[in-house]
Every structure is written in structure tokens, then in C-alpha cells.
Amino acid sequence: MRSKINTLADFHDAPFERKIVLSCPPEHMEKKLRAVTRAGKQVIDVTRIEAGDVVTLSAQSSLPKFNKPSLVLTVGGGLFDKAFEQQLLGREAGESFTAQAQDTPVEVTVRTVRRTVFPEPSDELAKKYAETHDGFDGVETLEQYKARVTDAYLEEAHREAYYETLRQVVVYVLSHTDFDFDESEIEEQYQEELKAAAESLKEQGIDTPLDDMSDEECRKRFGYESIAALKEDMHNGCEEMIATMLYSAALQGVDPADIDPETFDGYNFAPVEDYLKQELEFQEVR
Amino acid sequence: MIQYATDETFEELVSEGVVLVDFFTKTCGPCKMLAVVLEELDDEFPFLNIVKVDCEDCPKTSDRFGIEGIPDLYYYKDGEMLFHEPGAVNGDYIREKLSGILYA
């Protein structure tokens, strides 16, 4: 490599949280229990509208969107009109009333109210689900299922927390180290990244070159507002990648001039990892 | 409602209403991610029709659509294919598209 380090920061100076408490959040468990009970879900008729109910309405208005003899929507789902959906809460099947949409009256009659209900999770449902899904071998009861979900979550959370701390320490070191970057080296890396991105898109059946991609497509695929923003971030990422590789080399006592970026393990931070294993304390709350 | 198509039933399944067609295979990682998104959409919007096409079980349909990458999500309305989105896309994006199709 042609870039190099002038002055290296010390990872022992990096601040990080030493005690990390891990627990499986109730919303995660709820989602996993819903997966178990999904096979037994039913749609029932109810009277009073609550969020999440599917309603059939007749609506009359001067606004075309709100002028339909049969309008089906999920209340609170946000697909139709959030403000209008809010006005349906608490109304009852058979009730007629005047709602407002864009400051225009809408005459509404509630024709049906339907609710999707899920059965209570049970040993039987948990066992059935476990038989057809990966990671639940041998699960026969609901408690075993919950324990397996918790174990899997905590294992992942532990791993994520560890690597997040490692990332924080490395970011600290990189931001406090004085680098001497070779701009042409960054540009070469950037061109490689552009090629890789194009190949990845092609594998997904997308032939549009990055430069021809619309901003909407870019938002959808990558979460960036524009291709220019994506490319700027990729360019910065290349500088960061080279910095990371130089830091890894320094930790391993390798001269940057001897690094072949194709084969060198630029993410080997063994001394930092040994240090974190001593310093970090994980507490699991079940 | 989520239904699994065969080469024989595909046309009938997409002929009415708003239909999301998910071309997938059982071993594809991004397909599994999209499957979870579609299951949650189905919980919330049971009046949507979601049709899953396993490319290995439905070779004729997959060939007819020229499926090259998976997952690939097709949007239908009353039998007419409106557009498709190759690759895994997130739930919010699908909601935005559905909103336009369902209530335009």
C-alpha cells in the first residue's frame, strides 16, 4: 500500500461502556409468538372499531377518493388516509356520521368491521411451528420455544454489542490517528467498489447502471437520497477502509508497503479484541 | 391472504383485486427476509392477495416472466401486471406502493 500512518493513537485511550446488560425485549418475543400463532389466526366480525380492524365503508364526498360505495381499509394502517382513519376509531358497524377529509365533509356509513384474532400460544402450536422452522429442533413446549427465542436473541445481542464496542474503539483510534493517504490509492479502491456494486445489482436482476439510477430507485435500494450521496459515502468508505487496513497492519507489525489489499486481512484487531475480552462484562437478564 | 401458486393456478390467482406476486426459492436468504415482511403485511391487510411462486416448483411461470434474480415482487391489479421490484425491498416501501394502487 502507498498510504501510511504518521502517528498512531492508542486503543487503551478509547472510551466505551464496560458493563453491558442484555435482555430480550417484549416486542421481539411478541413478534416471535405471533409467528407461532399465525397459522391459527381467524377473522371475526366485531361491532366497535379499534386500530387494526378492517372496515368496509360507504363514503360520499365531493372528493373522488372519498366517494366510493364500498371502501375497504385497515384502520390505522395508513394506506388510505391517516387523518380519516383516525376518525373511524370508536365508531360502530351500522353507524352513519360525517367525517372530514381535506376540510371537506365525507358522509360515512360503516358497513362491516372485521378483526384478525390470533389464538393463544400453546405447547401444541409451538411444537407445530418448531417442526417446520429452522433453529427449533427438539422444541415441544411453549416454554422451550420462548427459551430458544430468548437464547437466540441474547446470543445475537451479545455478538452485536461486542462488535459494536470493537467498532467504537477502532473508530476512536482511526479518528485520533494521523494518516498520510495516497489519493490515487483511494480512487482505485473506489472504482473497485463501484464495480462490485454493479455486479451485486446484476445478481439481483437489476441491469440499470448506478449512474442511470433514479433518486427514487436509489432510496428504495440503498436508503440514500441520491446517487451522488451514495457515491460520496462510498468514496469516504474507501478512505476508511484503507485507514482500517493500515491500523490492522500496525497492530500485526506489518509494513504497509508489504500489504497486498487482495489477500491481507485488514480486519484483524487481535490485541484490541484481547483487551476488550478482559474489560467487557456482559449481564444477561432473562 | 397468502396462497401458493402452481403453473396451473397462477393466472387465476392474479386475475382479481390487488395481488402481490412473490417469486422466491426456499434456500434464498433475501427471499426469507421478504417472506417475513409479506406475512406481517398479510396480518395487517388481510384483504390483499399475496401469491407466492416457488421458482423451482413453477418452472413454466418463472420462465415466462424471465426471472433472473430473486426475490422478485410483481404488483397486479385485476389481472394486469403494473410493475415489479427485483431484490428484497422493505415493508414501508411496499406499503407506499400499495397505497397508490389500492386507493388511486
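The values are calculated or read from the model by the stated rules, or taken from the named source; none is laboratory data. As the structure is a computational prediction, the values presented were derived from the model and not from experiment. Quick reminder, even Gly has a Cβ in these numbers, built from the backbone with ideal geometry, and neighbours come from all protein chains shown. Ligands, DNA and RNA are excluded from the accessible area calculation, which covers all protein heavy atoms including side chains. Shrake-Rupley method; radii C 1.70, N 1.55, O 1.52, S 1.80 Å.
Exactly one residue out of B:Phe65, B:Phe47, B:Phe10 is among the aromatic types (Phe, Trp, Tyr) and open to solvent by less than 40 Å² (accessible area, probe 1.4 Å): that is B:Phe10.
Residues that are closer than 30 Å to A:Ala249 by Cβ number at least 2 in the following strands (runs of 3 or more DSSP E) confined to the stretch A:1-110: A:4-7. For the residues B:Val89, B:Val21, the requirement of being open to solvent by less than 60 Å² (accessible area, probe 1.4 Å) and more than 13 Å from chain A (Cβ to nearest Cβ) singles out B:Val21. The number of residues in the stretch A:18-44 being over 20 Å from A:Ala130 (Cα atoms) and among the β-branched types (Val, Ile, Thr) comes to 4. Of the residues making up the stretch A:251-279, those that are buried (at least 17 other Cβ atoms within 10 Å of the Cβ) and touching a residue at least 40 places away in the same chain (Cβ under 8 Å) are A:Pro256, A:Ile259, A:Phe269, A:Val272, A:Leu276. Can you name every residue in the stretch A:214-258 that is farther than 16 Å from A:Ser3 by Cβ and among the polar types (S, T, N, Q)? Passing the criteria: A:Ser214, A:Ser226, A:Gln252. As a summary of the residue check, B:Ala35 satisfies the conditions (1) over 11 Å from the mean Cα position of the chain (by Cα); (2) open to solvent by less than 60 Å² (accessible area, probe 1.4 Å) except for the one numbered (1).
Only one residue in A:Glu192, A:Glu185, A:Glu199, A:Glu225 is open to solvent by less than 60 Å² (accessible area, probe 1.4 Å) and either under 27 Å from the mean Cα position of the chain (by Cα) or of a type in the set (Asp, Glu) (or both). Which one? Going through A:Glu192, A:Glu185, A:Glu199, A:Glu225 in turn, the sole match is A:Glu185.
Within the stretch A:26-43, the residues that satisfy the criterion of being touching a residue at least 60 places away in the same chain (Cβ under 8 Å) and either open to solvent by less than 70 Å² (accessible area, probe 1.4 Å) or under 22 Å from the mean Cα position of the chain (by Cα) (or both) are A:His28, A:Met29, A:Lys32, A:Leu33, A:Arg34, A:Ala35, A:Val36, A:Thr37, A:Arg38, A:Gly40, A:Lys41.
Of all residues in the stretch B:68-83, those satisfying the criterion of being crowded, with 16+ Cβ neighbours inside 10 Å, assigned to a strand (DSSP E or B) and not acidic (Asp, Glu) are B:Leu73, B:Tyr74, B:Tyr75, B:Tyr76. If you check A:Val46, A:Val55 for being surrounded by 14 or more Cβ atoms within 10 Å (Cβ to Cβ) and either among the aromatic types (Phe, Trp, Tyr) or within 11 Å of chain B (Cβ to nearest Cβ) (or both), only one passes: A:Val55. Within the stretch B:69-83, the presence of at least one residue that is touching a Cys at 6+ places or on another chain (Cβ under 6 Å) and at pLDDT 90 or above is confirmed.
Would you confirm whether or not the stretch A:223-235 contains a residue that is assigned to a helix (DSSP H, G or I), away from chain B (no Cβ under 14 Å), among the basic types (Lys, Arg) and farther than 30 Å from B:Ile94 by Cβ? No; the residues of the stretch A:223-235 include none that is assigned to a helix (DSSP H, G or I), away from chain B (no Cβ under 14 Å), among the basic types (Lys, Arg) and farther than 30 Å from B:Ile94 by Cβ. On the stretch given as the stretch A:106-117, residues that are within 14 Å of another protein chain (Cβ to nearest Cβ) and either under 37 Å from the mean Cα position of the chain (by Cα) or buried (at least 17 other Cβ atoms within 10 Å of the Cβ) (or both) total 7. When restricted to residues that are assigned to a loop (DSSP other than H, G, I, E, B) and of a type in the set (A, V, I, L, M), the stretch A:248-286 contains 3. Taking A:Phe118 as the residue in question, decide whether it is of a type in the set (Phe, Trp, Tyr), farther than 30 Å from A:Leu280 by Cβ and without any contact (Cβ under 8 Å) to a residue 60 or more places away in the chain. In short, no. Being within 11 Å of chain B (Cβ to nearest Cβ) and touching a residue at least 12 places away in the same chain (Cβ under 8 Å) is the filter; apply it to the stretch A:81-105 and report the residue that is most open to solvent (accessible area, probe 1.4 Å). Among those that are within 11 Å of chain B (Cβ to nearest Cβ) and touching a residue at least 12 places away in the same chain (Cβ under 8 Å), it is A:Asp81. Here is a check on your reading of the model: is A:Leu73 touching a residue at least 24 places away in the same chain (Cβ under 8 Å) and closer than 23 Å to B:Lys97 by Cβ? Criteria not met by A:Leu73. Condition test on B:Asp92, is it without any contact (Cβ under 8 Å) to a residue 24 or more places away in the chain and out of contact with any Leu (no Cβ under 8 Å at 6 or more places or on another chain)? In short, yes.
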